[in-house]
Amino acid sequence: MKNVKNFKELVEQCAVKKPNDLAFTWLDNKEIKEKTYSEFISDINGLGTYFYYNGFKKARIAVIGENSYEWILTYFATVIGGNVIVPVDRDLKADAIVNVLKDSGAKLLVYSDAYKGIIEDVRKRAGVKVINRNKIEALIAEGNALLAKGKNKYVSIETDEHEMSTIIYTSGTTGKPKGVMLCQYGIIQSAYAAAENVKVNGPSMLVLPIHHTYGFTAGVIAVFFFEVPIIISGSLRTFVSDMQLFHPENMFLVPMFVESMYKKVMKTVEDKKLGAAFKALRKTSNALRKIGIDGRKKIFKSVHEAFGGNLKIVISGGAALDPLYCKYFDEFGITLLNGYGITECSPVVAVNSNNGTDPNKVGSIGKVLSCNEVKIINEDENGNGEICVKGSNVMLGYYNNKQATAEAFEGEWFRTGDLGYLDEDNYLYMSGRQKNLIILDNGKNIYPEELEELILRIPDALEAVVYSENDVITAEIYTENPSGVQLAIRELNKTLPIYKNIVGLKFRTTEFEKTTTKKIKRNLVKA
């Protein structure tokens with residue numbers, strides 16, 4: 001499917017090639033439900049026809065709620081029909097939802113039951129029509145009835161894949177959300193290029209919230225290129241039980257999920273007082289691999305069973321990942337690939353590889369995708385500088401914000417605000433965010449993410465944010481054992497250059513506030 005340019009071509013080719021193959025499966029009220037590729041495109045045409053003949057032409061349609069088949073269907077039916085989809089962050093409060101709807105000019109909001117308590121208030125204040133996603137099946141039936149009467153203008157619509165099809169409001173860790181304008185072609189290019197680097201087989205479980213571009217592009221669009229079933233996991237509460245029920249082979253996650261999965265394994269080992277035995281098993285397994293014997297699936301059978309029994313590949317993106325986790329998961333027999341992206345780039349820019357041609361360079365955030373170029377500007381003495389991206393996946397701009405758009409570009413190059421460097425093989429390495437960079441009085445540059453990564457290797461350090469306070473490197477740490485972490489920080493400082501020593505320590509007993517993609521809202525920490 002190399003020549004696919006838009007969503008309609010993508011789903012049509014899947015339906016032609018594998019009409020009866022499973023496209024989606026999910027659990028609904030204890031009942032497993034399934035949709036084939038041909039059923040999916042039929043539902044798209046039914047819902048899209050309903051939209052078209054009920055006045056939604058060249059309109060903005062918003063959608064909010066937990067991951068669901070209806071959410072995905074609404075997205076496809078909207079953009080294939082030439083409308084613009086506005087995915088709304090499912091964690092937003094009523095005021096913020098209203099702001100997004102007003103700013104985007106949305107005419108319709110499709111919502112889940114979770115928002116029943118506020119939907120009437122939102123409807124009145126935003127001036128939108130609303131549809132509960134529970135009504136989607138009935139709307140498809142209405143659309144199909146119209147199609148049966150010859151009302152087929154929707155199915156013959158030809159969209160311009162280079163026009164705006166999506167407005168994504170960034171969750172933002174440091175500032176006011178901006179509406180990122182993306183087109184179908186850019187999202188398709190990002191997904192296809194990522195699929196060139198990553199090869200998967202078997203069911204892929206959709207875990208990340210799909211109102212976020214990474215969750216949708218990687219967890220849905222790229223998986224269509226892989227032509228494997230998508231298991232829709234509705235919420236974090238069902239994450240573990242969904243793995244046990246559906247036995248996924250692949251998942252796209254963010255570092256917090258990866259870390260929690262590993263810590264769950266190690267906590268079980270600790271609770272059962274199996275530390276010494278587990279260490280011995282790892283040593284034995286590694287020794288066997290050196291002589292060509294791979295017994296990881298059997299040796300770590302209990303670990304695999306905890307993840308559903310068939311998990312083979314995890315792709316992590318959205319934030320920096322400690323390279324140690326790649327090593328840990330590899331020891332268990334699970335390939336962990338680290339990648340990098342940003343909403344404004346649809347979002348994938350680079351990802352490590354298991355395609356048999358390019359290596360998985362642990363420590364990097366991946367090989368730059370074929371759909372874009374990367375250059376580093378304003379390099380320091382170590383080669384670190386701002387990561388800039390140019391390519392077909394780069395956004396059209398910020399909606400109704402020409403000033404922010406102009407500030408984000410240097411010619412054709414989008415300035416990500418992330419810092420890093422490229423190696424000789426076009427693999428990208430990330431140092432941190434430019435906004436977070438600490439510059440000491442002596443001119444030394446400190447990347448707080450580097451120190452946070454080291455702090456989080458301390459078992460009792462659950463979350464950490466490093467910043468400068470009165471020219472002193474300070475770490476604020478969420479922990480249930482402050483004294484133990486304090487001792488560990490002292491030992492850590494002995495391994496660091498003096499100018500990187502963590503001098504200030506603050507402990508908290510509650511988690512940091514986070515975005516939906518589980519990034520800590522740093523601007524609220526210092527405040």
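The values are calculated or read from the model by the stated rules, or taken from the named source; none is laboratory data. Bear in mind that the values here come from a model prediction, so they are computed numbers and not experimental data. Positions of Cβ are backbone-derived with ideal geometry, glycine not excepted, and every protein chain shown enters the neighbour counts. Side chains included, ligands, DNA and RNA excluded: accessible areas come from the protein's heavy atoms. Shrake-Rupley method; radii C 1.70, N 1.55, O 1.52, S 1.80 Å.
So if I take the centroid of the Cα atoms in the range 349-377 and the same for the range 69-109, what is the distance between those two points in Å?
Comparing the Cα centres of the range 349-377 and the range 69-109, I get a distance of 32 Å.
Among the DSSP beta bridges whose two residues both lie in the chain, what percent are antiparallel, rounded to the nearest 5?
Numbers: 47 of 81 bridges.
The antiparallel fraction comes to roughly 60 percent.
Which value, in debye to the nearest 20, describes the size of the charge dipole of the range 244-296 about its Cα centre when Lys and Arg Cβ atoms bear +1, Asp and Glu Cβ atoms bear -1, and nothing else is charged? Before the final figure, lay out each step's value.
Details: 11 positive and 5 negative charges, 68 e Å.
Its charge dipole is roughly 320 debye.
In units of 2.2 N^0.38 Å, what is the alpha-carbon radius of gyration of the range 196-306?
1.24
Using DSSP to define loop residues, name the trypsin sites (Lys or Arg not before Pro) in the range 243-283 whose beta-carbon has at most 11 other beta-carbon atoms within 10 Å.
Values: sites: LYS263, LYS264, LYS267, LYS272, LYS273, LYS279, ARG282, LYS283; in loops: LYS272, LYS273.
Of the trypsin sites (Lys or Arg not before Pro), the ones in loops of the range 243-283 whose Cβ has at most 11 other Cβ atoms within 10 Å are LYS272, LYS273.
What percent do you get for the relative contact order of the range 336-381 when only Cα pairs under 8 Å and 6+ apart count? If you can, show how the numbers build up before the last one.
On the way: 58 pairs, mean separation 14.5, N = 46.
So the answer I get is 32 percent.
Apply the a/c threshold of 1.5 to the C-alpha gyration tensor of the range 41-115 and tell me whether it is rounded, prolate or oblate. Mind dumping the intermediate values first?
Details: a/c = 2.45, a/b = 1.42, b/c = 1.72.
Because a/c hits 1.5 or more and a/b fails to exceed b/c, the range 41-115 counts as oblate.
Taking LYS30 as the anchor, which aspartates and glutamates have their alpha carbon closer than 18 Å to its alpha carbon, excluding any fewer than eight residues away along the same chain?
GLU66, GLU70, ASP113, ASP242
Show that you can apply the helix-only estimate: for the chain, add -39,500 (n - 2.57) for every DSSP H stretch of four or more residues, divide by all residues, and state [θ] at 222 nm to the nearest 500.
Details: 19 runs with 189 residues, N = 527.
When only DSSP H runs of four or more count, the value is -10500 deg cm²/dmol.
Under 8 Å for C-alpha pairs, at least 6 residues apart: give me the relative contact order for the range 343-490, rounded to a whole percent. Kindly include the intermediate steps, with their values, before the conclusion.
Numbers: 237 pairs, mean separation 22.9, N = 148.
Over the range 343-490, the number comes to 15 percent.
Percent of accessible area on the range 231-341 owned by carbon and sulfur, 1.4 Å probe?
Details: 3200 of 5270 Å².
It is 61 percent, rounded to a whole number.
Counting Lys +1, Arg +1, Asp -1, Glu -1, what net charge surrounds ALA276 among other residues with beta carbon under 15 Å of its beta carbon? Before the final figure, lay out each step's value.
Numbers: positive: LYS272, LYS273, LYS279, ARG282, LYS283; negative: GLU270, ASP271.
Spelling it out: positives minus negatives among the neighbours equals +3.
Which whole-number percent is the relative contact order of the chain (Cα, under 8 Å, 6+ apart)?
Details: 1017 pairs, mean separation 61.7, N = 527.
Relative contact order comes out at 12 percent.
What is the Å³ per residue value for the convex hull set by the Cα atoms of the range 411-513? All intermediate terms of the calculation are to be shown ahead of the outcome.
Details: hull volume 15.4 nm³, N = 103.
Measuring per residue, one finds 150 Å³ for the Cα hull of the range 411-513.
Express the Stokes-Einstein translational diffusion coefficient of the range 126-219 in µm² s⁻¹, to the nearest whole number, given a Kirkwood radius over alpha-carbon pairs, 25 °C and a viscosity of 0.890 mPa s.
Values: Rh = 17.0 Å.
The calculation lands on 144 µm²/s.
What lysines could a cross-link reach from LYS58, if we take a straight Cα to Cα line under 21 Å and drop same-chain neighbours fewer than 8 places away?
Those lysines meeting the cut-off are LYS5, LYS8, LYS102, LYS107, LYS129, LYS151, LYS153.
Can you compute the modelled spin-label distance between ALA404 and ASP423, with each label point 7 Å from Cα toward Cβ, in nm?
3.6
Taking only the alpha-carbon atoms of the range 249-354, what semi-axes of the equivalent ellipsoid follow from 5 times the gyration tensor eigenvalues under a square root, in whole Å, largest first?
So the equivalent ellipsoid measures 27, 16, 12 Å along its semi-axes.
Note the full-extension length gain between GLU120 and ILE293 as 0.36 nm times their separation in residues minus their Cα-Cα distance, in nm to one decimal.
On the way: separation 173, 0.36 × 173 = 62.28 nm, distance 6.20 nm.
Full extension from GLU120 to ILE293 adds 56.1 nm.
Checking the table LYS57/LYS390; LYS93/LYS518; LYS290/LYS361; LYS17/LYS312; LYS327/LYS514 against a 23 Å threshold on Cα-Cα, which pairs fail?
Values: LYS57/LYS390 32 Å; LYS93/LYS518 17 Å; LYS290/LYS361 19 Å; LYS17/LYS312 26 Å; LYS327/LYS514 27 Å.
Pairs exceeding 23 Å: LYS57/LYS390; LYS17/LYS312; LYS327/LYS514.
Find, to one decimal place in angstroms, the Kirkwood hydrodynamic radius of the range 1-80, where the mean of 1/r is taken over every pair of different Cα atoms and then inverted. The partial results should precede the final answer.
On the way: mean 1/r = 0.0732 Å⁻¹.
One decimal place: 13.7 Å for the Kirkwood radius.
Restricting to bridges with both residues inside the range 87-188, how much of the DSSP beta-bridge set is antiparallel, in percent to the nearest 5?
Details: 5 of 9 bridges.
If we restrict to bridges inside the range 87-188, about 55 percent are antiparallel.
Over the chain, with the other protein chains present, what is the accessible area per residue in square angstrom, probe 1.4 angstrom?
Working: 23600 Å² over 527 residues.
Ligands and nucleic acids excluded, the figure is 45 Å² per residue.
Does the range 334-470 come out rounded, prolate or oblate, given a ≥ b ≥ c as the square roots of the eigenvalues of its C-alpha gyration tensor, rounded meaning a/c under 1.5 and, failing that, prolate meaning a/b above b/c? Don't jump to the answer; show the numbers that get you there.
On the way: a/c = 1.68, a/b = 1.11, b/c = 1.51.
Since a/c reaches 1.5 but b/c is at least a/b, the shape of the range 334-470 is classed as oblate.
Keeping all protein chains in place and using 1.4 angstrom, which order do HIS212, HIS247, HIS304, HIS162 fall into by accessible surface area, from largest down?
On the way: HIS212 35, HIS247 75, HIS304 10, HIS162 100 Å².
Largest accessible area first, the residues go HIS162, HIS247, HIS212, HIS304.
Using alpha carbons only, how many degrees (0 to 90, rounded to 10) separate the axis of helix 7-17 from the longest principal axis of the chain?
Around 80 degrees separate the two axes.
Using only the alpha-carbon atoms, what does the range 108-173 span along each of its principal axes? Please give whole angstrom values in decreasing order.
Projected onto the principal axes, the Cα atoms of the range 108-173 cover 44, 32, 19 Å.
Roll a 1.4 Å probe over the protein heavy atoms and report the accessible area of THR515 in Å², nearest 10.
10
Taking the chain as the reference, fit the longest principal axis to its C-alpha atoms, fit the long axis of helix 323-332 to the helix C-alpha atoms, and give the angle between the two in degrees, 0 to 90, nearest 10.
80
Heavy atoms of the protein only, probe of 1.4 Å, neighbouring chains included. What is the accessible area of ASP113 in Å², nearest 10?
The value for ASP113 is about 80 Å².
Quick check for me: using +1 on Lys/Arg Cβ and -1 on Asp/Glu Cβ, what's the dipole size of the range 363-515 about its Cα centre, in debye to the nearest 20?
On the way: 15 positive and 26 negative charges, 41 e Å.
About 200 debye.
Students sometimes get this wrong: rank GLU344, GLU249 by accessible area, probe 1.4 Å, all chains present, largest first. Show your work: numbers first, answer last.
Numbers: GLU344 15, GLU249 40 Å².
From most exposed to least exposed: GLU249, GLU344.
Using only the alpha-carbon atoms, how far is helix 37-53 inclined from the longest principal axis of the chain? Give it as 0 to 90 degrees, nearest 10.
60
Where does the range 267-413 land on Rg(C-alpha)/(2.2 N^0.38 Å)? Mind dumping the intermediate values first?
Values: Rg = 20.4 Å, N = 147, 2.2 N^0.38 = 14.7 Å.
Output field value: 1.39.
Taking the alpha-carbon centroid of each part, what is the distance from the range 389-449 to the range 181-250 in angstrom?
26
I'd like the Kirkwood hydrodynamic radius of the chain, using the inverse of the mean 1/r over distinct C-alpha pairs, in Å.
Details: mean 1/r = 0.0410 Å⁻¹.
With all distinct Cα pairs of the chain included, I get 24.4 Å.
Pulled fully out, how much extra length does the chain show between GLU34 and SER483, if you take 0.36 nm times their separation in residues and subtract their Cα-Cα distance? All intermediate terms of the calculation are to be shown ahead of the outcome.
Numbers: separation 449, 0.36 × 449 = 161.64 nm, distance 5.12 nm.
Contour length minus Cα-Cα distance gives 156.5 nm.
Could you give the dipole magnitude of the chain about its Cα centre, charging the beta-carbon of Lys and Arg +1 and that of Asp and Glu -1, in debye to the nearest 20? Working shown, then result.
Working: 66 positive and 63 negative charges, 218 e Å.
That gives a dipole near 1040 debye.
Using a Förster radius of 45 Å, what is the FRET efficiency between ASP271 and ALA96 based on their Cβ-Cβ separation? Nearest 0.05, please. Walk me through the numbers on the way to the answer.
On the way: r = 40 Å, r/R0 = 0.90.
So, using R0 = 45 Å, E works out to roughly 0.65.
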